[in-house]
Amino acid sequence: MHTPAETLSLAARRLSISLLSGLALFTILAAVSGRAEFGMVAAFCLVLYLGMILPSLHKREAPLMTVAGLSVLAVVILHPAPGPILLSAAAKGASFASLILALGFLQAPASHSHLVHRCGEFLINQGPSRRYAALTVGGHLFGIVLNLGALSLLGGMMKRSNTLEQAGGDPTIVALRTERMSMAMLRGFSTSTLWSPTTLTVTVSLTLVPDGLWLTILPIGLAMAGLLLFAGYVQDRIQHPPRARAVALSYHTDLTLKETLLPLSILVAAVLGLIIAVRQVSGWPLGTVVILVVPLFSVGWMFWQNIRRNLRLAVGITVRQVSRHAAERLPKSRYEVISLSCGGIVGGCVAALIPPGALGDLLNYLGLPPVALLLAIFWVVVIGAQISINPIITVPLLGAAMMQMHPMPVSTLALLLTLVTSWTMFTLLSPFSASALILGNLAEVSPRTIVHKWNGPFALFAAFLFHGLIITVELLTAPVL
């Protein structure tokens, strides 16, 4: 028998699961059918969910809800027709929240995958001369499949393998290996946000601009990711020359590329290929495709794991795993849901209050070229991230404000690249990013040590490359006003 308090808690948990499931379902139906009624239901589910958790807000959740509440209040007071604006903003918040719920499904089969764990073992146990390259490429691939779970998985393996005993009692070796492996994982993971549709950076940014730009940004993001991965490798070789690397102990593994990274690459190619195929055939927005395809792919992956163990019981086992994942994962996604939904609400509300020609008039008054506006957006996001303002707030706000300008003073492609690259800088340079917090905890150093001391020079080099990319694309594709 449950006590009344336990019964109430269990009922609240079930209600939150139902509301979040309904939110995702009706977001998909709204996008696929084009019927606004489904979007209204998704928005209603979101409002109910936020209202349900309002009395129990945590310290880091309260500012997000406060900003969202103030933006809603501002629309009610200042806009002549607040109803449609608020409904659209809530629907956008619901679609953003649906993305993180869908992407979280990949962690369910990955956590039980022998392939994923074999890959982690293979990457961690490389010799000093190959470990950085292996971990940064592996972190990139893991980031596509596992998102932030990649850092938790690889970082946990790093901590277990990099002990004082295994380093022969020399703490210098432990510190050296910790720094190098942490940087390899951080840079590999961060660069996946430049192009992969399974990351929030790309998918959320694409909701703010014409969706057809994804296939344009895909090769650009891949090229930039490859360049940064190579630059990180070169920096590691220069910073840790052969004599310094020789003191770091190597570990032996019998696993091979053919058994580990090759099948993982095929898995990544499969999910990306499926997303591209459905996007091209259906014509649906990329966000809708991701929300639909990723959970289905995850269920298929679970079924494949189970069918290899027991064909007769595979369906039942898979259904139980999906139910268990929903019951455990959805309530734990609370902060992510709040962050993303509030970002969508704030962006939709504040953008509606900015006059369409305001930013263009400001540029003309200051006598600045349009590209200066893009660089200003970039640094607003980057500097904001240094004081705990998450890009999920600044990127939708700035992107929506830019897109409602008539005429658009900058290239839409250049704007998209600005939003994506500035968000990538958040993972590379902000001590408040989840990546810095995870790695700092595992490495037993402060997040500022991770992103500022260890990764600062690399992050500034990345910012320099991003500036060159933004300016070049803007000059080549700028609209004729």
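The values are calculated or read from the model by the stated rules, or taken from the named source; none is laboratory data. Here the structure is a predicted model, which is why all the values come from computation and not from measurement. No Cβ is skipped: glycine too gets one built from the backbone with ideal geometry, and neighbour counts run over all protein chains shown. Just so you know, the surface numbers come from the protein's heavy atoms only, side chains and all, with ligands and any DNA or RNA stripped out. Shrake-Rupley method; radii C 1.70, N 1.55, O 1.52, S 1.80 Å.
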**Prompt:** For LEU296, are the conditions met, namely being in contact with a Leu (Cβ under 9 Å, 6 or more places away or on another chain), surrounded by fewer than 21 Cβ atoms within 10 Å (Cβ to Cβ), more than 16 Å from LEU417 (Cβ to Cβ) and modelled with pLDDT of 90 or more?
**Reply:** yes
**Request:** Check the range 78-88 and report whether any residue there is open to solvent by less than 50 Å² (accessible area, probe 1.4 Å), under 22 Å from the mean Cα position of the chain (by Cα) and farther than 25 Å from LEU10 by Cβ.
**Result:** no
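For the range 154-185, give me the residue count where each residue is outside any helix (DSSP H, G or I) and either modelled with pLDDT of 85 or more or open to solvent by less than 10 Å² (accessible area, probe 1.4 Å) (or both).
1
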**Request:** Only one of these is touching a helix residue (DSSP H, G or I) at 6+ places or on another chain (Cβ under 9 Å), loosely packed, with under 14 Cβ neighbours inside 10 Å and under 27 Å from HIS58 (Cβ atoms): ALA327, ALA358. Name it.
**Result:** ALA327
**Request:** Kindly establish whether ARG130 is open to solvent by 70 Å² or more (accessible area, probe 1.4 Å), part of a helix (DSSP H, G or I), charged (D, E, K, R) and free of Cβ contacts under 8 Å to residues at least 24 places away in the same chain.
**Result:** yes
**Request:** Spot the failing condition for ALA68; the list is (1) open to solvent by less than 60 Å² (accessible area, probe 1.4 Å); (2) at pLDDT 90 or above; (3) within 28 Å of SER323 (Cβ to Cβ), and only one is missed.
**Result:** (3)
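Looking at this structure, is GLU37 out of contact with any Cys (no Cβ under 8 Å at 6 or more places or on another chain) and either surrounded by 22 or more Cβ atoms within 10 Å (Cβ to Cβ) or touching a residue at least 40 places away in the same chain (Cβ under 8 Å) (or both)? Steps first, please.
Details: out of contact with any Cys (no Cβ under 8 Å at 6 or more places or on another chain): yes; either surrounded by 22 or more Cβ atoms within 10 Å (Cβ to Cβ) or touching a residue at least 40 places away in the same chain (Cβ under 8 Å) (or both): no.
Considered against the rule, which asks whether it is out of contact with any Cys (no Cβ under 8 Å at 6 or more places or on another chain) and either surrounded by 22 or more Cβ atoms within 10 Å (Cβ to Cβ) or touching a residue at least 40 places away in the same chain (Cβ under 8 Å) (or both), GLU37 comes out as no.
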**Asked** Here are some conditions: (1) within 22 Å of SER339 (Cβ to Cβ); (2) at pLDDT 90 or above. VAL209 meets all but one. Which one does it not meet?
**Response** (2)
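Can you tell me which of LEU311, LEU362, LEU296, LEU274 is outside any helix (DSSP H, G or I), free of Cβ contacts under 8 Å to residues at least 60 places away in the same chain, more than 25 Å from ALA434 (Cβ to Cβ) and not acidic (Asp, Glu)? Please lay out each step first, then the result.
On the way: LEU362 fails: outside any helix (DSSP H, G or I); LEU296 fails: outside any helix (DSSP H, G or I); LEU274 fails: outside any helix (DSSP H, G or I).
After ruling out the rest, the residue left standing is LEU311.
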**Item:** Per-region count, the range 433-442, residues open to solvent by less than 20 Å² (accessible area, probe 1.4 Å) and in contact (Cβ under 8 Å) with a residue 12 or more places away in the chain
**Value:** 4
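Residues checked against (1) under 27 Å from SER205 (Cβ atoms); (2) aromatic (Phe, Trp, Tyr); (3) within 25 Å of the chain's Cα centre (by Cα); (4) in a helix (DSSP H, G or I):
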residue: TYR49; (1), (2), (3), (4): yes, yes, yes, yes
residue: LYS59; (1), (2), (3), (4): no, no, yes, no
residue: LEU70; (1), (2), (3), (4): yes, no, no, yes
residue: LEU101; (1), (2), (3), (4): yes, no, yes, yes
residue: GLY104; (1), (2), (3), (4): yes, no, yes, yes
residue: ARG118; (1), (2), (3), (4): no, no, yes, yes
**Selection from the range 372-407 of residues that are more than 26 Å from the chain's Cα centre (by Cα) and over 25 Å from ALA74 (Cα atoms)** = ALA372, PRO407
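So that you can scan it fast, the table gives a plain yes or no per residue for (1) charged (D, E, K, R); (2) open to solvent by 20 Å² or more (accessible area, probe 1.4 Å):
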site	(1), (2)
MET402	no, no
THR412	no, yes
PRO431	no, no
PRO447	no, yes
GLY456	no, no
LEU460	no, yes
ALA463	no, no
HIS467	no, yes
GLU474	yes, no
**Message:** Being modelled with pLDDT under 90, hydrophobic (A, V, I, L, M, F, W, C), buried (at least 22 other Cβ atoms within 10 Å of the Cβ) and within 24 Å of VAL271 (Cβ to Cβ) narrows it down to one residue among LEU29, LEU115, LEU103; which is it?
**Reply:** LEU103
